[in-house]
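Visitor: First, the structure itself, so that you have it in front of you.
The values are calculated or read from the model by the stated rules, or taken from the named source; none is laboratory data. Note that the coordinates shown come from a computational prediction; the quantities given were computed from them, not determined experimentally. We place every Cβ from the backbone using ideal geometry, glycine too, and count neighbours over all the protein chains shown. Keep in mind that these areas ignore ligands, DNA and RNA; they rest on the heavy atoms of the full protein, side chains included. Shrake-Rupley method; radii C 1.70, N 1.55, O 1.52, S 1.80 Å.
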Amino acid sequence: MTLPTTHNDDFAMQILHLDSSILGTASASRKLSFNIVARLVALHPDSQVIYRDLASDPALHLSSEHLAAWQGAGAKGDLLTEDLFKGNAYLQELLESQVVVIGTPMYNLTIPTPLKAWIDRIALVGKTFHYTADGPEGLLKNKKAYIASSRGGIYSEGSPAAPLEHQESYLIGLLGFLGISEPTVIRAEGLAINAQVKDSAIARALETIAAINE
Ligand SMILES: Cc1cc2nc3c(=O)[nH]c(=O)nc-3n(C[C@H](O)[C@H](O)[C@H](O)COP(=O)(O)O)c2cc1C
């Protein structure tokens, strides 16, 4: 995708910024996602940023009550009503954004559950994908995604633990299923090995972010 340029923008680019780490200000993925968004805003000063801290304000797990409400039964109770409203807002924010920046640590080999709960609200047939005679087709064309990934161990291609990597690969697969192809992954891994490995992994990731130029 070609992003709008800083000059001559017809419209303000909307960036959807998601974080999902439970580590607050000590989080590496939050640091990376923050810096990605800051870099994009520096390149596109008219950008608007919508921020969701999924860790501190997660959606509920999907339930039979959610399905019943979607099928027209009406929402029972304030908790479900509020949660359905949140899910609709998730979808609207994504549809209206040109760029999505996702901060995700690896938890138990995959993404944190609040990020999965977000996905459960935006991966909707007829809205973000549909089925054709040739199979499923993503409807979110012309969007760009950045994945700010952090993990304690090393799972990159070629490492012994690579077959256990279900964090970035899952997100990349899911985004592709929805039509957002080739997300940019910015990764800091091996963070639990020692302080030196951690510091240099984060420094390398920040250098990559500083080099983003579109
Ligand atoms: C609940 C939990 C599960 C984790 N599971 C894994 C894991 O499966 N593999 C791994 O390499 N690191 C794992 N870690 C370590 C985190 O991925 C690592 O600390 C990372 O830096 C967290 O990202 P953050 O700094 O953005 O919070 C886990 C951490 C927590 C809190």
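Visitor: Among the residues of region 145-152, is any assigned to a helix (DSSP H, G or I) and either away from the ligand (no atom under 16 Å from the Cβ) or crowded, with 20+ Cβ neighbours inside 10 Å (or both)?
Guide: Checked region 145-152: no residue is assigned to a helix (DSSP H, G or I) and either away from the ligand (no atom under 16 Å from the Cβ) or crowded, with 20+ Cβ neighbours inside 10 Å (or both).
Visitor: Take residue 55 and decide whether it is in contact (Cβ under 8 Å) with a residue 40 or more places away in the chain and of a type in the set (Gly, Ala, Ser).
Guide: yes
For every residue, the table says whether it meets (1) within 16 Å of the ligand (Cβ to nearest atom); (2) surrounded by 12 or more Cβ atoms within 10 Å (Cβ to Cβ); (3) assigned to a helix (DSSP H, G or I); (4) among the small types (Gly, Ala, Ser).
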| position | (1), (2), (3), (4) |
| --- | --- |
| 173 | no, no, yes, yes |
| 179 | no, yes, no, yes |
| 185 | yes, yes, no, no |
| 191 | yes, yes, no, no |
| 196 | yes, no, yes, no |
| 201 | yes, yes, yes, yes |
| 206 | yes, yes, yes, no |
| 209 | yes, yes, yes, no |
| 212 | no, yes, no, no |
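Visitor: Could you figure out which of (1) farther than 24 Å from residue 44 by Cβ; (2) within 16 Å of the ligand (Cβ to nearest atom); (3) outside any loop (DSSP other than H, G, I, E, B) isn't true of residue 155?
Guide: (3)
Visitor: Another one. Tell me, which strands (runs of 3 or more DSSP E) wholly within region 1-120 include 3 or more residues that are open to solvent by 40 Å² or more (accessible area, probe 1.4 Å) and either more than 16 Å from the ligand (Cβ to nearest atom) or small (Gly, Ala, Ser) (or both)?
Guide: The qualifying strands (runs of 3 or more DSSP E) are 48-53.
Visitor: Right, here's the next one. In region 121-144, what residues are at pLDDT 95 or above, in a loop (DSSP other than H, G, I, E, B), of a type outside the set (Ser, Thr, Tyr) and closer than 26 Å to residue 187 by Cβ?
Guide: Of everything in region 121-144, those that are at pLDDT 95 or above, in a loop (DSSP other than H, G, I, E, B), of a type outside the set (Ser, Thr, Tyr) and closer than 26 Å to residue 187 by Cβ turn out to be 123, 140, 143.
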